[in-house]
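The values are calculated or read from the model by the stated rules, or taken from the named source; none is laboratory data. None of the values given here were measured: they were computed from a predicted structure. As a convention, Cβ positions derive from the backbone with ideal geometry for all residues, glycine included, and neighbour counts pool all protein chains shown. Each accessible area value is taken on the protein alone, full model and side chains, heavy atoms only, with ligands, DNA and RNA left out. Shrake-Rupley method; radii C 1.70, N 1.55, O 1.52, S 1.80 Å.
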Amino acid sequence: MNFGLTSEQLAMRDHVKALLDKTCSLDYVARCDESGQPPREAFQALAKHGWLGLIAPQEYGGASGSPTDLAVLLE
């Protein structure tokens, strides 16, 4: 049994990492964490690229992703 990520999940991980690296520096994220404020730019970037609808059903505009897809996104 293969418990590794699929090629699509690996590509998703790489895309999200690059997107967030570009959008939010580590200093910015640390400041948000220290002040208790959410990193709004990160949420906006994820929303703009459709990632916030990852596990929503396609009939509602989502991607019908799996729980593993969600875990990869949250990682």
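Taking amide H positions as placed 1.01 Å from N in the peptide plane, with prolines and chain starts having none, which residues 5 or more places from GLY65, or on another chain, fall under 5 Å of its amide H?
Sorted by chain and number, the residues that satisfy this are ILE55, ALA56.
Extending each Cα 7 Å along its Cβ direction at SER25 and SER66, get the distance between those two points in nm, one decimal.
Each label point is offset 7 Å from its Cα along the Cβ direction, giving 3.8 nm.
Residues of the chain: accessible area per residue at 1.4 Å, in Å²?
With all protein chains present, the chain gives 76 Å² per residue.
Go ahead and set up a Gaussian network model of the chain, Cα springs under 10 Å, then flag whichever of SER25, SER64, SER35 fluctuates most.
Answer for the Gaussian network model of the chain: SER35.
Hydropathy at least -1.0 by Kyte-Doolittle, axial extent at least 18 angstrom from the Cα trace: which helices of the chain, defined as entire DSSP H runs, fit?
In the chain, the long hydrophobic H runs are 7-23.
Roughly how many percent of the accessible protein surface of the chain is carbon and sulfur, given a 1.4 Å probe and a whole-percent answer?
57
Is the chain best put as rounded, prolate or oblate by its Cα gyration tensor, with a ≥ b ≥ c the root eigenvalues, rounded for a/c under 1.5, and otherwise prolate when a/b is larger than b/c, oblate when not?
Prolate is the answer for the chain, as a/c is 1.5 or above and a/b outweighs b/c.
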